[in-house]
Amino acid sequence: MRFLSALAIWGVLISTSGFSQAAKTGIVRGFVYDKKTGEPLIGCNVYVGETRNYGASTDVNGFFMISKIPVGKYTMTATGVGYEKTSKDVEVLAGRVINEKLYISEQINTLNEVVISGEKQTMKTQVQTSIIKVTPKQMEKIPTIGGEPDLAQYLQVLPGVIFTGDQGGQLYIRGGAPIQNKVLLDGMIVYNPFHSIGLFSVFDTDILNQVDVYTGGFGAEYGGRISSIMDITTRDGNKNRLSGKFSTSTFMAKALLEGPLKKAKDDSDGSSSFILSAKHSYLEQSSKYLYKYIDTVGLPFNFTDIYGKVSINAKNGSKVNFFGFDFNDHVTYRNITDIGWNTYGFGTNVVLIPGDYPALIKANVAYSKYLITMNEADQQPRKSSIDGFNIGLSFVYILGKDELEYGIETLGYNTNFNYFNSVGRKITQEQFTTELAGFAKYKKTLGKFLIEPSFRLHYYASLSEISPEPRLGLKYNLSDNFRLKFASGIYSQNLIAANSDRDVVNLFYGFLSGPENLQKEFDGKAINSKLQKSNHAIFGFEFDLTNRLNLNVETYIKDNIQLTNINRNKLYDDTGDNQDKPEYLRKDFIIETGKAYGIDFLLKYDYKRVYLWGTYSLGWVTRYDGVINYAPHFDRRHNVNLVAAYTFGKDLTWEIGARWNLGSGFPFTQTQGFYEKIPFHDGINTDYTTVNGELGIVYGPLNQGRLPYYHRLDINLKKTIATGENSELEASLSITNVYNRENIFYFDRIRYERVNQLPFMPSVGLSWKF
C-alpha cells in the first residue's frame, strides 16, 4: 500500500508542476464514440482550433488528451476514416481540465472520400517500432477460410511471422517460439490462443476492437517474454440497441449477441452494455461428407469457444469491464495421437479519469487456467497445466507533446507437468511462482526527434532473481513522408515449453516454470542466471510513397544469450550416485543460446475499392546447445505474402479477395536407417534372445535436411444483401489451396508415408447481422 501511495503522490506532483509551469493554459480530454453503437473509436484525430497545432489521436479506449492549450474559446473537431467530421465549441480555462464526449457518425459511402486518419499522425508522433495494429476491418480483407475472418489467418500475412502448417501449425514471430510470445486479452494472459487446425484462433473476430502485435523491441510496460507481445482488446458491446450476428459454414457455426443493459439518457449520462459470443466447430462431422477426398474418416478437429463481457461506463467516460471465457479443443490423428485442451479465465479491468488531474489510470485483475493432455499409441501419456493470476496498475500523463507512463505488475502461477522422454525417463515438475515488476516510460519530443527511454525491474521469486531491463525507442521525422526509427532492449522470462520434438504432430503445447537445478557451466563458462534472456536491436524506416502507398522496412537481431529447454537426452537421475556422469545426461533441463536476425518489408495500399498488402521476410534462426550448432524446425529463410481485395458492383456489395503465400522449406532431421531396438522392460533380467524388439530409427545430423518450398493460393468471394435498416445478409465462397499444391505436413518414418497439408478445399458461409 505504501508503494501505491507513493505512485499516486508522484503523479500528483507531476501534474501540479505541469500546471505551475503553464498557468495560462488548460487541458481538454475525453472520448470519441461511434454515434450508432456507442463503441469507443480508435485512431480518430481530435484537434482544437483551426491550425491543428493542438491535437491528439484516440487510443484503444477512444480516449484523447490535449494539454498546454492557451486559454480561450475554440472549436474542437474529430475526424476518422469512414466517419463524418464532427465539431463542437469548447472553452479552455487556466489550470482546468475540460472533459468532453464526441459522437461521430459513419459516412454513407466511405469509398468516395478519404478522411485523414490518426494513423499517419500516430506514425509521426509515436516511436512504434516493430508494432502492427490490426482491426477487424483489416482481417475481413483477406480470404476467409471456412466462411469467417479470423485473427490466426491474418497474423500469417504479417512481416516476420512464420506459420508452420495448416494442421497443428504454430506462429513463430521473428525467431521466437510460441512460449516466448505473450498473448493478452483485455489484460489477461491467454496461454494458448490457437486451435489445432491452425486456421482459427480462440477469438471471435466480431468481438475484437484492436490487436497490437509487437514483433520485438517493445517498451517496458510489457515483460515476462523474450520475443513478442500480442495485446488484444475487445469491444464493449452496442450501447444503443440489441444487435447480433448468426453465421454458419462448412466448418463451424457462430452466434453473437450484444446490447445495452442501461441506456444513457443523454451525452452526459452513464451507461452499461454486454457482449456474448459462442462458436463451435463441426468439421469432424461435416468433412466426412464434404471432404472425403482429404480423409475418409474426416478431419479430426473439434473446438468450442465462449466469451462474455459486461461494460459499465460512468458519466465522465471512466469504465469498468467484467469478462470471462472458456475455450476447448480436441483432435485425434489417425488413432495415433489424441490431444485435448481446455482453458478458461475471468477478470476485470478499469479505465479511470481522476477528477481534474491530467492523467489516465488503468488497472486489471484476472485469473486463467490451461490444461492439456496427450495420449499416443504405444507411448506414455503427457499432461501439462498452468493456472494463476495477474494484476496490473498504471498511470499515464500527457504533458504537451510528451508523455509519461509508469506502473506495477504482479502475477503468480502454478505449473504441473508429467512427461516421458525418448529413453523412457519420467520428467515431472510442480511449482508455484510469483513475479513482481515495476516500469516507467517517458516519451520526449525534441523537434523532429522522438526519444522514448523506458526501464523495467522484474523480480522472479521462485528463482530469487532480479532482472533490470533498460529499453530505448527513437524516431526521427526526416520529412513529412520519411521517418527513421530504432528500438533496443533487454528481455527476460521464466516460463519454458513442455512440448517435444519427437511428436509426430507437434500439438502438445504445455508450460513449465523455469528450473533452479540447471547446469553449472555452459560452453566452458559459469552460469550466473537461471532466467532465459534476450537482447533486441531494431532499425528501420517508414516511407509514405504517396498519400495511400506506404513502405515499412525493418532489420532486426534478437540475441538469445540464454535459453532453457527440456533435456531429451537424459539417461540418469540427478543423484549423488550419478555425479560422475555428464550434466547433459542427468539434468532435466539444458541451456542453449542462439540468434534470430533478418529484414522485413511491408508495402501497403488502401484507397477506395482497392486494398493491397505485400510482405517479404528474410530471416535466420540459430541454436547452440553446447555441443552442436543447428537450425530449429521453424527456421524459414524466405517468406512472401501477397494480399489483394477489390470491392465492386453497382451498390458496392461485392468483394473478391486473394492471398498467396510462398515459404522456403523448414529444416528436418533425416533418417539414415533402421534397427531392432530391444526395450529391456525387465532391466538386466530381460532375455534379449527371445524378447520382441521394436523398430528403432537411426537419425542423421540434427535438422540438416530441408523440406520442399511451401506455397498456396486462397481466394474468396463475398456478397452483401441489405435485409433491413439495421440488418444484412452476407454470403461467401472461399477456396483454400486453389491449385491444389501438395505441401508436406510431416513424414511418418514408421509407416514411411508422406502426409500433406490441406489440399484444394472449398467452403461456403452465410451470416446475418441485425
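Tabulated results
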read-out	value
Solvent exposure, largest accessible area first (probe 1.4 Å, DNA, RNA and ligands not counted), of LEU478, LEU93	LEU478, LEU93
Rounded, prolate or oblate (a/c below 1.5 giving rounded, otherwise prolate when a/b exceeds b/c) for segment 168-209 by Cα gyration tensor	oblate
Spacing of the two label points (7 Å from each Cα toward its C-beta) at TYR459 and SER268, in nm	4.7
Proximal lysines to LYS769, defined as alpha-carbon separation beneath 17 angstrom and excluding residues fewer than eight positions away on the same chain	LYS36, LYS137, LYS239, LYS245, LYS254, LYS279, LYS718, LYS719
Segment 638-741: radius of gyration and largest Cα-Cα distance (Dmax), Å	27.1, 83
Loop trypsin sites (Lys or Arg not before Pro), segment 356-419 (other Cβ atoms within 10 Å of the site Cβ: 15 or fewer; DSSP)	LYS401
The chain, accessible area per residue, ligands and nucleic acids excluded (1.4 Å, Å²)	42
Gain in span if fully extended, VAL553 to VAL610, counting 0.36 nm per residue against the direct Cα distance	18.3 nm
Calculated FRET value between ASN740 and GLU106, using beta carbons and R₀ = 51 Å, to 0.05	0.80
Principal axis dimensions, segment 335-483 - Cα atoms, whole angstrom, descending	67, 39, 33
Expected-Rg normalisation [2.2 N^0.38 Å, Cα atoms] applied to segment 489-626	1.48
Nearest-0.05 FRET efficiency for LEU717 and LYS581, computed from C-beta distance (R0 56 Å)	0.35
Mean Cα-pair separation over length for segment 616-770, i.e. relative contact order, pairs under 8 Å, 6 or more apart, %	18
Sulfur and carbon atoms: percent of accessible area, segment 311-391 [1.4 Å]	58
Bins of 10 Å, starting at 0 and running to the largest distance - Cα pair percent for the chain	2, 13, 23, 26, 19, 10, 4, 1, 0, 0
Projected label distance in nm at ARG96 and ASP295, using a 7 Å step from Cα toward the beta-carbon	6.8
Relative contact order (percent, whole number), segment 139-186, Cα cutoff 8 Å, 6+ residue spacing	19
Anchor LYS263: aspartates and glutamates whose Cα lies under 15 Å away (excluding residues fewer than 8 positions away in-chain)	ASP34, GLU39, ASP236
Share of carbon and sulfur in the accessible heavy-atom surface of segment 460-598 [1.4 Å probe, %]	51
Ellipticity estimate at 222 nm from DSSP helix runs (n ≥ 4, -39,500 (n - 2.57)) divided over the chain, nearest 500	-1500 deg cm²/dmol
Inter-label distance for PHE322 and PHE770, nm, one decimal - labels placed 7 Å from Cα along Cα-to-Cβ	2.8
Equivalent ellipsoid, segment 275-396 (semi-axes from 5 times Cα gyration tensor eigenvalues, Å)	43, 19, 9
Share of Cα-Cα pairs in segment 610-674 lying beyond 20 Å, as whole percent	55
Förster radius 60 Å - calculated FRET efficiency between ILE750 and SER529, Cβ distance, rounded to 0.05	0.90
Normalised contact order of segment 281-418, rounded percent, pairs of Cα under 8 Å and 6 or more residues apart	15
Anchor LYS369: lysines whose Cα lies under 19 Å away (excluding residues fewer than 8 positions away in-chain)	LYS182, LYS309, LYS383
Among 746-753, 99-106, 248-255, the order from most to least packed when residues are scored by Cβ within 10 Å on average	248-255, 99-106, 746-753
Ranked packing of 540-552, 273-285, 718-730, most packed first, by mean Cβ within 10 Å	273-285, 540-552, 718-730
Pairs of lysines in segment 551-670 (C-alpha under 15 Å apart; 8 or more residues apart or interchain)	4
Cα gyration tensor, segment 402-461 - rounded (a/c under 1.5), prolate or oblate	prolate
Where N is the number of residues in segment 688-732, Cα Rg divided by 2.2 N^0.38 Å	3.01
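The values are calculated or read from the model by the stated rules, or taken from the named source; none is laboratory data. Just so it is clear, the model here is predicted, and its values are computed rather than measured. Using ideal geometry, Cβ is built from the backbone for each residue, glycine included, and neighbour counts are taken over all protein chains shown. Remember, those area values only see protein heavy atoms, side chains included, never the ligands or the DNA or RNA. Shrake-Rupley method; radii C 1.70, N 1.55, O 1.52, S 1.80 Å.
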